[in-house]
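The values are calculated or read from the model by the stated rules, or taken from the named source; none is laboratory data. The structure displayed is predicted, hence computed values, not measured ones. Heads up: the accessible areas ignore ligands, DNA and RNA and are worked out on the full protein's heavy atoms, side chains in. Shrake-Rupley method; radii C 1.70, N 1.55, O 1.52, S 1.80 Å.
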Amino acid sequence: MLLLSLAFPAITSCGSAAPSHLGYVALRGANGVTAYRINNHSGAFTSILGSPFPTGLSPASVYAHPSKRFVYVANQGENNISLLTADSQTGALTEVLPRVPTGIFPASLGMDSGGTFLYAANEASSNISAFAINSGSGALTQIAGSPFATGTNPLKLKVSPSGKFLYVLTPNLRSVFAYTITQGAGTLQPVAGSPFTVGTSPSSFAIDPAEHFMFVTNASTSTVSVFAISPSTGVLTQIPASPFATATTATSTIPVDVTVSPSGMNLYVVNSEANNISEFSIAGNGSLTLLTASPVSSSGTGSVFILFDSNPQFVFVGNQGSNNISVFSVNTDGTLANVQTPSTFGASPSSMFVLP
């Protein structure tokens, strides 16, 4: 998928001597997951021998267990989840059958930071499947009460950094549904006042590492709505001056995904129509200010996701139109610089997860 050097990008087999960590990319058209070693110093990708590793049909979301032993993939074409075990030496993946049933059209996976529970947002059945994770085998067992009802056609799901809350984005209802997670049991209880109204045509959301704010991208208005998160209840309250434009002029950018820097000081929004990335600073009250150098080209077309590497020096953007992933370095002022022009590969990326 990506490159071995900055000057001459290429895809190669696993074997880099440089310190690295693992990343996994779900490839919808290839019905599989490609595994990579990501260089800690350059951000370069090295494909692990055997990639892509087979999953179910039309994988939409990938999530790795913090133990680094298990990888989970939501298969929209089969309404189930694949469990793959990772070789501790090579990072190669082996699927464990049978696959685990979900609701209809699972679109997004989420997990608590301890790796105790896995959640799947089921877009067509409008509910949330919840599973307990066996720490020894990675096996999934549906917990009592699952699936849990949510809004119509949920698209994105995230567990808050503290593990106390789960949030689900339902674009058709212009809402975020919020739940408390029962500690030790994983069951879901609606937060008082949920659902919370967001902007028009919401496409994605992110939560800052300190769990102070939620940032929601609004595709049709090319804006970002910002909400303060109550640390005790999980209630969302839109901050003054929200939403914030993704461009300095009245331009349609169609923001599709968003990520927050590990420091909580910067926000990045990838725009599919403009093929660029809006760069913001985040104030203490959650308000956003576009950086002077914003936007920067996404170095691809049809972008669908953006995320930070586990090494906060790099940011990755998945481009379905150009079938590649762009790699950016993060400058000290928070601006992004494209460090690699990625090679294309045979299927479009739908999701990515990076391990420490």
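The table below gives the values:
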item	result
Projected area averaged over orientations for segment 68-222, convex hull of C-alpha atoms, nm²	9.8 nm²
Within a Gaussian network of the chain (alpha carbon springs, distance under 10 Å), most fluctuating of Ala293, Ala206, Ala274	Ala293
Accessible area (Å², 1.4 Å probe, nearest 10) - Phe177	30 Å²
Surface accessible to a 1.4 Å probe, Ile239 within the full protein complex, Å²	20 Å²
Candidate aspartates and glutamates for bridging to Lys164, where Cα separation is under 13 Å - those fewer than 8 sequence places away on the same chain excluded	Asp112, Glu211
Segment 161-209-segment 241-263 distance, computed between alpha-carbon centres (Å)	20 Å
Mean shadow area of segment 247-303, taken as a quarter of the surface of its Cα convex hull (nm²)	4.0 nm²
Reference-scaled alpha-carbon Rg (2.2 N^0.38 Å with N residues) for segment 290-356	1.09
Calculated log₁₀ intensity ratio I(q)/I(0) where the Debye formula runs over C-alpha points of segment 205-356, q = 0.21 Å⁻¹	-1.37
Zero-based 10 Å bins, Cα pair distances in the chain, whole percents	6, 26, 36, 26, 6, 0
Phi-based couplings in Hz for segment 83-92 (Karplus 6.51, -1.76, 1.60; Gly and Pro marked x)	9, 10, 8, 9, 5, 5, 8, 9, x, 5
